[in-house]
1. Within the set of pairs 6 or more residues apart or between chains, which connect a residue that is in contact (Cβ under 8 Å) with a residue 12 or more places away in the chain inside the stretch 235-247 to a residue that is assigned to a loop (DSSP other than H, G, I, E, B) with Cβ atoms less than 6 Å apart?
2. Limited to the stretch 223-263, what total is found for residues that are surrounded by 12 or more Cβ atoms within 10 Å (Cβ to Cβ), hydrophobic (A, V, I, L, M, F, W, C) and not in a helix (DSSP H, G or I)?
3. Only one of ILE69, ILE90 is hydrophobic (A, V, I, L, M, F, W, C) and under 25 Å from ASN189 (Cβ atoms). Can you tell me which?
4. Between GLU153, GLU130, which is in a loop (DSSP other than H, G, I, E, B), of a type outside the set (Phe, Trp, Tyr) and within 26 Å of PHE251 (Cα to Cα)?
5. Can you name the number of the only condition in (1) outside any strand (DSSP E or B); (2) under 26 Å from ASP44 (Cβ atoms); (3) not small (Gly, Ala, Ser) that GLN91 fails?
6. Only residues that are acidic (Asp, Glu), part of a loop (DSSP other than H, G, I, E, B) and under 15 Å from the mean Cα position of the chain (by Cα): list them for the stretch 28-77, please.
7. Being under 20 Å from GLU133 (Cα atoms) and at pLDDT below 90 narrows it down to one residue among THR173, THR179, THR155; which is it?
8. Go through the residues of the stretch 185-193 one by one and say whether even a single one is at pLDDT below 65, among the aliphatic types (A, V, I, L, M) and not in a loop (DSSP other than H, G, I, E, B).
Amino acid sequence: MEETDKIERQRVHFENISEKYFESRQSENHLYLKDLMWSYFFKDKDYLKKKDGLSVLEPMCGYSEGKKIIEKNVGAIRYYEGFDYSSVLIQKVKERNKNLNVYVQDITTFKSDKKFDLIILIGGLHHVPEFCEDAVKLLKKNLNEGGDFVVLEPTHNNYVFRKIRERIYRKNTLFDEQTERAFTLKDLNDLYFKNDYVLIDQMYPGLLSYTLFYNPDAFPFLNLGGKKLVKFFFKLDSLFFRNFVGRKLSFATLSLFRNEQPGHRA
């Protein structure tokens, strides 16, 4: 299959599942887990705030959850722009907030003269695996020097978990194994290091609470119990968020990279 055909296949696939994706991710457990995860990640990052507010770009924005995350955990947004290749999701976002600056756009062909203080990309790159390196390079042109890139992506760091994920992609209709591919942690980091980003922080939240509650659209049978259970498992997981055990066992990685001059490395 040609690479351009894969982009179109993934776009069509996501259009077909977007209604279910949108509705299921309004579940209480899912939203509460995300609140816990993002507040934990940003709790020591007051340095990201700007007195006059941030300019924020959200590629592959889905329903613009990145905007809400930044406003809640970092600070005011002076200017926001988001895009996604799903016209269905963009329409839903517009129905909720017709004045929000979101539009239909493919990340592999995105171009803009604007510069941003922060880019937030939530679970997008693994949908365009053949183009992710080019996408990271393209987006760097739109990030201020010293600006920050927040990225959450599915990852695996051991053979067993890679095989589990490959099986899920084959068997679950909400995924498309021909166009989606999760990263090894090294591969994800290398995407940014090759473009002279510095790794500021990395957290491994894809543990038990993530497995149970983060993908209710894909695994509704795991979405059991209430907020107390979510909080309990999250606290247990937090013991491993930034150590070797978490890195080995996590199904996802949450990272903060900074745009630096060539020659810098973490």
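The values are calculated or read from the model by the stated rules, or taken from the named source; none is laboratory data. Remember, it's a predicted structure, so these values are computed and weren't measured experimentally. Backbone-built Cβ (ideal geometry, glycine too); neighbour counts: all protein chains shown.
1. Close Cβ pairs (under 6 Å, with a partner that is assigned to a loop (DSSP other than H, G, I, E, B)) amount to ASP237/LEU207; PHE241/TYR204; GLY246/TYR204; GLY246/PHE240; ARG247/ASN157; ARG247/TYR204.
2. Total satisfying the criteria: 7.
3. Values: ILE90 fails: under 25 Å from ASN189 (Cβ atoms).
Answer to the selection: ILE69.
4. Values: GLU153 fails: in a loop (DSSP other than H, G, I, E, B).
Selected residue: GLU130, the only one of GLU153, GLU130 that is in a loop (DSSP other than H, G, I, E, B), of a type outside the set (Phe, Trp, Tyr) and within 26 Å of PHE251 (Cα to Cα).
5. (2)
6. Residues of the stretch 28-77 that are acidic (Asp, Glu), as a first pass: 28, 35, 44, 46, 52, 58, 65, 71.
Within this subset, residues satisfying the condition of being part of a loop (DSSP other than H, G, I, E, B) are 44, 52.
Those that are acidic (Asp, Glu), part of a loop (DSSP other than H, G, I, E, B) and under 15 Å from the mean Cα position of the chain (by Cα): none in the stretch 28-77.
7. Numbers: THR173 fails: under 20 Å from GLU133 (Cα atoms); THR155 fails: at pLDDT below 90.
Just one listed residue meets the conditions, THR179.
8. First pass over the stretch 185-193, keeping only residues at pLDDT below 65: none.
No, the stretch 185-193 has no match at all.
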